[in-house]
């Protein structure tokens, strides 16, 4: 399952020495068209890395032919030198691919403050071989997915195939592929992640943009493992149009959302140091926004996360967090269910919490009894392993 599953795309991944480990750290994804439509969403953090600043401008016209991604350094807060590195990377890739530098998007991931002369030289020096190596076989997509990993333990990839019957657009089969990286700093604003999605559907940039924003709002933006927002988050969707199929916007958005949810769950289960993968669903809410706010408030509680790590069904910590939101609810009518056991009804004890059986997957259901809407936010427990990994990340 790789980003080269759709027709019209080539990819490659290689090691150029950005990582001390010597593992792959430079990736290229090329859209050979005929279409060059693109859409992207970026971190909502006001402190943005240089590749984000470059790509926001370069991709603003809805056109792109390639994406260059590196791990082993975020190129964030590296001054004007770092922005010039992103610009030079786009220029060099553009020369090698015979496209404009403005049609090359840049992504980086790794430690903030890394992006000096050696970083630049290794990327620029590695691009010629990377372009030469780019191909459309599944192994090329797999190499690409491995080269964007940082603390990830496994690469994350998806592929989808769908049919257009012709009733709402040009008929035919079209495909979708994708890859993602991310294991820490997973919070709204897209998580600390880089994602590239590809499709050979023939759709304009405006449709891609609407579909992508809908999909990310229901997937990546609801992954909140540790409440920390990255400076480099980027999700890019490229369409080659090579299939000639034109799906209607609704069905394409549905397929894209399913693909993003799949990648999001892969990020979730690989979260740094996690022992439990937690899904918090709030129902009976007056609006989806209020349901998200309540679920997110619980997901961000260190007391709650520590309780789940200790397999303590402490529902009081859930109710307390609900009360920190502006959602519509009666404080005396909250229900809480943990792993199928109703531990709180109308804000009072119900079943014996000791009957809750804990597994790797933990479900928390909150019923506000105030409306018809619901939403889920995914998080992880707070563990010794998470603290240990992140206490020594830069060393």
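The values are calculated or read from the model by the stated rules, or taken from the named source; none is laboratory data. A quick note: this is a predicted structure, and the numbers were derived from the prediction, not measured. We place every Cβ from the backbone using ideal geometry, glycine too, and count neighbours over all the protein chains shown.
Just a few scattered comments:
- Of all the residues in segment 153-192, those that are in a loop (DSSP other than H, G, I, E, B), in contact with a strand residue (DSSP E or B) (Cβ under 6 Å, 6 or more places away or on another chain) and either surrounded by fewer than 22 Cβ atoms within 10 Å (Cβ to Cβ) or modelled with pLDDT of 90 or more (or both) number 1.
- Enumeration of residues in segment 152-167 that are over 14 Å from residue 243 (Cα atoms) and touching a helix residue (DSSP H, G or I) at 6+ places or on another chain (Cβ under 6 Å): 155, 156, 157, 158
- Restricting attention to segment 76-118, the residues being touching a residue at least 40 places away in the same chain (Cβ under 8 Å), under 21 Å from residue 60 (Cα atoms) and surrounded by fewer than 24 Cβ atoms within 10 Å (Cβ to Cβ) number 4.
- Among (1) under 25 Å from residue 58 (Cα atoms); (2) touching a strand residue (DSSP E or B) at 6+ places or on another chain (Cβ under 8 Å), the one test that residue 222 misses: (1)
- All strands (runs of 3 or more DSSP E) inside segment 333-395 with 2 or more residues being in contact with a helix residue (DSSP H, G or I) (Cβ under 7 Å, 6 or more places away or on another chain), modelled with pLDDT of 95 or more and surrounded by fewer than 20 Cβ atoms within 10 Å (Cβ to Cβ): 373-380
- Among the residues of segment 230-243, those identified as in a loop (DSSP other than H, G, I, E, B) and modelled with pLDDT under 95 are 230, 231, 232, 233.
This table checks each residue for (1) modelled with pLDDT of 95 or more; (2) assigned by TED's automatic domain parsing to the domain that holds residue 211; (3) closer than 28 Å to residue 152 by Cα; (4) under 24 Å from the mean Cα position of the chain (by Cα).
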residue: 60; (1), (2), (3), (4): yes, yes, no, yes
residue: 64; (1), (2), (3), (4): yes, yes, yes, yes
residue: 80; (1), (2), (3), (4): yes, yes, no, no
residue: 89; (1), (2), (3), (4): yes, yes, yes, yes
residue: 95; (1), (2), (3), (4): yes, yes, no, no
residue: 98; (1), (2), (3), (4): yes, yes, no, no
residue: 101; (1), (2), (3), (4): yes, yes, no, no
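- Hits in segment 195-215 - residues which are buried (at least 22 other Cβ atoms within 10 Å of the Cβ) and either more than 21 Å from residue 107 (Cα to Cα) or in contact with a helix residue (DSSP H, G or I) (Cβ under 6 Å, 6 or more places away or on another chain) (or both): 200, 201, 202, 203, 211, 215
- Number of the condition not met by residue 279 [criteria: (1) under 19 Å from residue 145 (Cβ atoms); (2) under 19 Å from the mean Cα position of the chain (by Cα)]: (1)
- Residue in segment 216-229 that is nearest to residue 296 (Cα to Cα), counting only those that are part of a helix (DSSP H, G or I) and touching a residue at least 60 places away in the same chain (Cβ under 8 Å): 222
- Matching option when the condition is at pLDDT 95 or above, assigned to a helix (DSSP H, G or I) and either surrounded by fewer than 24 Cβ atoms within 10 Å (Cβ to Cβ) or on the phi > 0 side of the Ramachandran plot (or both), among 330, 326, 258: 258
- Restricting segment 128-152 to residues that are at pLDDT below 90 and part of a loop (DSSP other than H, G, I, E, B), the residue that is nearest to residue 26 (Cα to Cα): 150
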